[in-house]
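Here the structure is laid out as structure tokens; the discussion comes afterwards.
Here, each number is a calculation from the coordinates, and none is a lab measurement. A quick note: this is a predicted structure, and the numbers were derived from the prediction, not measured. Ideal geometry is used to build each Cβ from the backbone, glycine not excepted, and the neighbour counts take in all protein chains shown.
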Ligand SMILES: Cc1ncc(COP(=O)(O)O)c(C=O)c1O
């Protein structure tokens, strides 16, 4: 049984003091901290069996290749996929860019791509660029005032022209857990493929991508306790078989002649060059670590903390929380604005109190426009966060409020003139 204390003990960084205060690391939607087992797996690779994969007959290369491919297998299974269906990339952004380029030859002018008003730029700009290159049309699904997809509008927007539906599973600003299964059903009925940005969901929701029936699903290792520079995407086997690679070089080929080449099997056909071997090994260790903690603990702990945070932060004067106001279908990603105070000032003042949050547009400028605000300050939780840290955040926010809104204390004379 894992307790908050036993989980925290595996993250030495959480013992740090910042500005003489205990660190409250609440910037997990940007990147999570790494448990010791992940750091050790990466160190072991570099100190014990560092070598290039797939090419060598020597012992170290064989050991590295086995660890790398075994890592892929564990990661793919974690997502309910097979290793052939799991392509390694640098992360979610890289994955979505690759998928967009893979689908490009299939698009023709006036085909439609549907994204939503709450996309991260990584799941919007690649599609904007794709429509420019192909003459396809980008459509945007609006969101409701509560920060959820407007499913009534979906019926009006989806049509036989829709070829790709590109949506996030969980919003990195509002925390909303979106109804991806319903979206997949509607999109498939219209004949469209579904590409899901899973950057925020992968560390917080158990996923079985096969049964979710998505066509592509992009993730980042660093948001799920693994190393940076590493990620991947799932693609349905039958679709990946049909698509052509978009990057070329060593490892992704079967044979090369002077003027032509043929492609390797899945998944390598989409992976040119030397991969991020330590990244795959570290990510697999992260997935093992998450499984050792277990989804019961991971989910329950975060849901309870999210509800506690929503209740606690609402009490802070001047605070508006953007997004759903209960922990139902919501992650612990809490975007706030404070009347009369810029989010960057909030983040700076919180840092003085040891609280790490992010401020800005969170790579979601169209969503900021929809909300009618320039930016937010965002606190986001991982499984090692505790109520004490939420209290530390609330207290620091109160200090910020007082600093920017000092109450004008009127000096009342102890006695008035007529009482002399
Ligand atoms: C919803 C969402 N999509 C995509 C990304 C991009 O992820 P990465 O920077 O790992 O490519 C992020 C990162 O914050 C995100 O929150």
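For a paramagnetic label modelled on residue 237 (point 7 Å from Cα along Cα→Cβ), amide N atoms under 18 Å away belong, within the stretch 81-99, to 81-88. For the pair residue 19 and residue 244, label points projected 7 Å from Cα toward Cβ lie 5.5 nm apart. Taking the stretch 61-84 and a reference point 7 angstrom along Cα→Cβ of residue 291, the backbone N atoms nearer than 20 Å belong to 64-84. Taking all Cα pairs closer than 8 Å and separated by 6 or more residues, the relative contact order of the stretch 38-291 comes to 25 percent. The stretch 108-164 and the stretch 13-52 have Cα centres spaced 37 Å apart. Net length available on complete extension from residue 133 to residue 265 is 44.7 nm, with 0.36 nm assigned per residue and the Cα-Cα distance removed.
Using a Gaussian network model of the chain in which every pair of alpha carbons under 10 angstrom is joined by a spring, one finds that among 194, 256, 167 the greatest mean-square fluctuation is at 256.
The long axis of helix 295-314 is offset from the longest Cα principal axis of the chain by roughly 30 degrees.
Relative to the dominant Cα principal axis of the chain, helix 59-78 is inclined by about 60°. Using R₀ = 22 Å, calculate the FRET efficiency as 1/(1 + (r/R₀)^6) where r is the Cβ-Cβ separation of residue 188 and residue 157; round to 0.05. Plugging the Cβ-Cβ distance into 1/(1 + (r/R0)^6) gives 0.90. Full extension of the segment from residue 106 to residue 6, taken as 0.36 nm per residue of separation minus the current Cα-Cα distance, would add 31.0 nm.
Quick check: from the Cα gyration tensor, does the chain come out rounded (a/c under 1.5), prolate or oblate? Oblate shape, in that a/c is at least 1.5 and b/c is the bigger or equal ratio.
Annotation: extensible slack from residue 339 through residue 403 equals 21.8 nm (criterion: 0.36 nm per residue apart, minus Cα-Cα distance). In this label model, residue 274 and residue 373 are separated by 4.6 nm, measuring between points 7 Å along each Cα→Cβ vector. Among 184, 341, 219, which one moves the most in a GNM of the chain with springs linking Cα atoms closer than 10 Å? With Cα springs under 10 Å in the chain, the top fluctuation among 184, 341, 219 is at 341.
Largest mean-square fluctuation among 20, 329, 172, in a Gaussian network model of the chain whose springs join Cα atoms under 10 Å apart, belongs to 20. Per-residue ellipticity at 222 nm computed for the chain from its helices equals -11500 deg cm²/dmol, with DSSP H segments shorter than 4 residues left out and the rest contributing -39,500 (n - 2.57). With respect to the chain, whose longest principal axis is taken over its alpha-carbon atoms, helix 92-103 is tilted by about 40°.
Between residue 44 and residue 146, the distance separating the two model label sites (each 7 Å from Cα on the Cα→Cβ line) works out to 4.6 nm.
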